[in-house]
Amino acid sequence: MRILIQRVNKASVEIDSQIKSSISVGLLVLLGITEADTTEDSDWLAGKVTGLRIFDDENGIMNRSVVDVDGEILVVSQFTLHAMIKKGNRPSYIKAAKHEIAIQLYEHFCSELSLKLGKEVKTGTFAADMKVALVNDGPVTIWIDSKNKE
C-alpha cells in the first residue's frame, strides 16, 4: 500500500457537484492499493498515519500527531499512486488492485484509522470521479509505502 499524506488546514471531496466529505485541521490521505497488499500493510500504515508527529508544538517544532492536536483525517482512494511510467508517456496501472480486493482493504484501512484516531474518518467514495480540494499547511507532504518499511 502507498499513501501520500498532506497536512491540511482544510480539505474536501466533491462528487457530482456535491460535497461528500470535508475536514478542517488534519490530514488528507491519498491511498493506493496493490494486489499484494494485506491487512498487515493496512494496520501498519494506519499506525504510521496516526502516530506521525508533523504538527507543531508550542515551540513551533513538528512534535505532535494528528491525535495530539485532535485533528481530522480524510481518506481518498487513488489507484494512480501505483502508476508505472517505464515505457512511453502513458502510465500503466497494472499493479493497482482490482476493485474486489481494493475496496475491502480501503474499508479496513479507514476502520483502523478511525479506531486509532478515536473518531470517524471522513472518506471519498471508492472508484468515484472525485474533485479533491485542499489547503496544504506548511506545505507538509509525506509519501509512505508499506513495502519499504526500512
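Helix-only mean residue ellipticity at 222 nm, the chain, DSSP H runs n ≥ 4 weighted -39,500 (n - 2.57), per residue, nearest 500. What is it?
Calculated mean residue ellipticity at 222 nm is -7000 deg cm²/dmol.
Hey, with R₀ at 30 Å, roughly what FRET efficiency would Lys147 and Arg53 work out to, going by the Cβ-Cβ distance, to 0.05?
After rounding, the FRET efficiency stands at 0.85.
How far is helix 39-51 tilted, in degrees, relative to the longest principal axis of the Cα atoms in the chain, given as a value from 0 to 90 rounded to the nearest 10?
30
Helix 99-117 sits at what angle to the longest principal axis of the chain, using alpha carbons and giving 0 to 90 degrees rounded to 10?
10
Using Cα pairs under 8 angstrom and six or more residues apart, how large is the relative contact order of the range 2-145, in percent?
Result for the range 2-145 is 38 percent.
Find the lysine pairs in the chain meeting two conditions, Cα atoms under 12 Å apart and a separation of 8 or more places or different chains, and report how many there are.
The result is 4.
Computed from the coordinates by the stated procedures, all read-outs in this text should not be read as laboratory data. Owing to the predicted nature of the structure, the values given are computational and were not obtained by experimental measurement. Note that we place each Cβ from the backbone using ideal geometry, even for glycine, and neighbour counts take in every protein chain shown.
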